[in-house]
1. May I ask you to list the trypsin sites (Lys or Arg not before Pro) in segment 59-102 that are in a DSSP loop and have at most 10 other Cβ atoms within 10 Å of their Cβ?
2. Rank these residues by their accessible area, most exposed first, probe 1.4 Å: ASP41, ASP10, ASP87, ASP19.
3. So, with a 1.4 angstrom probe, what is the percent of accessible area on segment 30-124 that is carbon and sulfur?
4. How about segment 43-112: which GluC sites (Glu not before Pro) there lie in a loop by DSSP and see at most 15 other Cβ atoms within 10 Å?
5. Take every Cα pair under 8 Å in segment 1-123 that's 6+ residues apart, average their separations, divide by the length, and report that relative contact order as a whole percent.
Amino acid sequence: MTGQVAEHMDSQPHTIRDDQSVFAAARRMRQAQGAPLIVIDAENRVSGVVTSGDITLRVVADGQDPAQIPVGLICTREVAAARPDEDLEVAYGRMRERSLQRMPVVERGRVVGLLRLCSEAEGRVIELGESSPSVTRPSRSSG
């Protein structure tokens with residue numbers, strides 16, 4: 001794939017404010033089908049990223065009450081990010097190097113989108129599945 005990140009990003013990423021509870025983050029993750037959330041401050045600047053693993057290891061495993069802990073206290077603060085005007089292959093390369101499936105897209109410190117590495121692969125799989133006569137579904141055996 002070629003082009004700029006802005007042409008391929010999701011412009012409505014799943015976010016949560018850093019002052020909201022871990023419980024609220026878990027509920028939002030459920031709505032986002034388990035996807036990590038970009039943690040933002042009151043001015044929409046990226047504070048970090050929170051994953052289900054962060055919640056499990058930093059809150060639940062310690063026996064803490066997720067309704068009482070702000071997500072900003074447990075999120076991962078070091079976040080790799082792309083710029084909307086960045087070359088897509090450069091951003092994908094950085095994602096592969098860091099084993100990231102998703103990366104926030106940030107402009108002037110504020111989140112403007114989300115880039116998914118799997119989007120490229122999913123497109124190729126769908127393309128292959130539709131055009132290749134040798135791709136078949138497994139048959140059900142009666143028994």
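1. Values: sites: ARG77, ARG94, ARG96, ARG98, ARG102; in loops: ARG77, ARG98.
Here the sparse-neighbourhood loop sites are ARG77, ARG98.
2. Values: ASP41 30, ASP10 50, ASP87 75, ASP19 95 Å².
Accessible-area ranking of ASP41, ASP10, ASP87, ASP19, largest first: ASP19, ASP87, ASP10, ASP41.
3. On the way: 2500 of 5290 Å².
Exposed carbon and sulfur together represent 47 percent of the surface.
4. Working: sites: GLU43, GLU78, GLU86, GLU89, GLU97, GLU107; in loops: GLU43, GLU78, GLU86.
Here the sparse-neighbourhood loop sites are GLU43, GLU78.
5. Contact order relative to length: 33 percent.
The values are calculated or read from the model by the stated rules, or taken from the named source; none is laboratory data. None of these values were measured; they are calculated from a predicted model. When we count neighbours, we look across all protein chains shown, and the Cβ atoms used for this are built from the backbone with ideal geometry, even at glycine. Accessible surface areas use protein heavy atoms only, side chains included; no ligands, DNA or RNA. Shrake-Rupley method; radii C 1.70, N 1.55, O 1.52, S 1.80 Å.
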